[in-house]
Amino acid sequence: MRQIITLVGTLCVLTTSVSTHAEDVVVYAAASLTTVMDELSTDYQRSHPNVKIKKSYAGSSTLAKQIENGAPATLFLSADSDWADYLSKRGLLVPTSRKNLLGNELVFITPKERPLTISFEPTFNLANSFSGRWCTGEVTSVPAGKYAKQALTFYKWWPAMESRLVGTEDVRTALAFVERGECALGVVYKTDALISPKVSISATFPAASHKPVIYPGALVKGAGSESQAFWQYLQGEQAKAMFVRSGFIVMP
């Protein structure tokens, strides 16, 4: 009888231990958020030392597909609405948690030592203004690439530029190609360009040339209270100030 009581007591302790263990916050975020999300998670953990935050950065399309296939994300931050819609239609996000968190700008960049002056005047010939390849995110799936194609199409530059494109798996890879001089020109977000001392911003695309760059976020279905609390923190004043310092536009 004593052995049975002891066994029951041990099981109760184990059950209690499991149930009170804080969940991991698993953030799947667009690659362009890498630097600021690392800073924000570090800041959050100073006041929540028992919360473990895991982060995975990639193109929004890659992350959405991984979540669809069962990846253990609890919070999804996309660089466009399309991939958040993709997961929403499949019932994988918590509808009431979704919010447009941030905005961004689209820019042309060049290697620091090879600056280029770009004009958005109708007479400017972009294809003839530089030699070599140019890069941005894959234009059929990566948000930065989709925005880039929209903008180049708006200025009627796309037909002459398409064959020289190096499409990358995410926007940070495009940034790296320009940093190394493997691409003479790149189209990335302003926030990506600001973190690199190896590139120069040649021009910022007018907002009318492409869809607004919006970063929606939402809890993934099944997310617990720790993820909910971190998502609320990202919408708070302290996080907003850090986003602004990084060059993002905070949505109302």
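The values are calculated or read from the model by the stated rules, or taken from the named source; none is laboratory data. This structure is a prediction, so every number in the text was calculated from the model and none was measured. Glycine gets a Cβ as well: all are built from the backbone with ideal geometry, and neighbour counts include every protein chain shown.
Could you say which residue among Thr173, Thr153 is under 22 Å from the mean Cα position of the chain (by Cα), polar (S, T, N, Q) and modelled with pLDDT of 95 or more?
That would be Thr173, the only listed residue that is under 22 Å from the mean Cα position of the chain (by Cα), polar (S, T, N, Q) and modelled with pLDDT of 95 or more.
Just one of Glu169, Glu138, Glu121 is among the acidic types (Asp, Glu) and over 23 Å from Ser61 (Cβ atoms); which is it?
Details: Glu169 fails: over 23 Å from Ser61 (Cβ atoms); Glu138 fails: over 23 Å from Ser61 (Cβ atoms).
Sole residue among the options that is among the acidic types (Asp, Glu) and over 23 Å from Ser61 (Cβ atoms): Glu121.
From the list Thr153, Thr191, exactly one residue is among the hydroxyl-bearing types (Ser, Thr, Tyr), more than 16 Å from Arg114 (Cβ to Cβ) and surrounded by 21 or more Cβ atoms within 10 Å (Cβ to Cβ). Which is it? Talk me through it step by step, then tell me what you get.
On the way: Thr153 fails: surrounded by 21 or more Cβ atoms within 10 Å (Cβ to Cβ).
Exactly one of Thr153, Thr191 is among the hydroxyl-bearing types (Ser, Thr, Tyr), more than 16 Å from Arg114 (Cβ to Cβ) and surrounded by 21 or more Cβ atoms within 10 Å (Cβ to Cβ), namely Thr191.
For the range 117-137, name all the residues that are in contact (Cβ under 8 Å) with a residue 40 or more places away in the chain and either outside any loop (DSSP other than H, G, I, E, B) or not assigned by TED's automatic domain parsing to the domain that holds Asp192 (or both).
Across the range 117-137, the qualifying residues are Trp134, Cys135, Thr136, Gly137.
Considering only residues that are within 15 Å of Ala29 (Cα to Cα) and out of contact with any strand residue (DSSP E or B) (no Cβ under 6 Å at 6 or more places or on another chain), look in the range 70-84 and name the one that is surrounded by the most Cβ atoms within 10 Å (Cβ to Cβ).
Filtering the range 70-84 for residues within 15 Å of Ala29 (Cα to Cα) gives 71-84.
Within this subset, residues satisfying the condition of being out of contact with any strand residue (DSSP E or B) (no Cβ under 6 Å at 6 or more places or on another chain) are 71, 80, 82-83.
Working: Ala71: 15, Asp80: 21, Asp82: 16, Trp83: 24.
So the residue we want is Trp83.
Can you spot a residue in the range 138-148 that is touching a Lys or Arg at 6+ places or on another chain (Cβ under 7 Å), outside the structural domain of Ser41 (by TED's automatic domain parsing) and surrounded by fewer than 19 Cβ atoms within 10 Å (Cβ to Cβ)? Walk me through how you get there before you give the answer.
Filtering the range 138-148 for residues touching a Lys or Arg at 6+ places or on another chain (Cβ under 7 Å) gives 139, 147.
Checking which are outside the structural domain of Ser41 (by TED's automatic domain parsing) leaves us with 139, 147.
With the extra rule that they be surrounded by fewer than 19 Cβ atoms within 10 Å (Cβ to Cβ), the set shrinks to none.
No, every residue in the range 138-148 fails to be touching a Lys or Arg at 6+ places or on another chain (Cβ under 7 Å), outside the structural domain of Ser41 (by TED's automatic domain parsing) and surrounded by fewer than 19 Cβ atoms within 10 Å (Cβ to Cβ).
Being surrounded by fewer than 20 Cβ atoms within 10 Å (Cβ to Cβ) and touching a strand residue (DSSP E or B) at 6+ places or on another chain (Cβ under 9 Å) is the filter here, so list the residues in the range 45-61 that pass it.
Result: Gln45, Val51, Lys52, Lys54, Lys55, Ser56.
Go through (1) in a helix (DSSP H, G or I); (2) among the charged types (D, E, K, R); (3) touching a residue at least 40 places away in the same chain (Cβ under 8 Å) for Arg114 and report which single condition fails.
Condition not satisfied by Arg114: (1).
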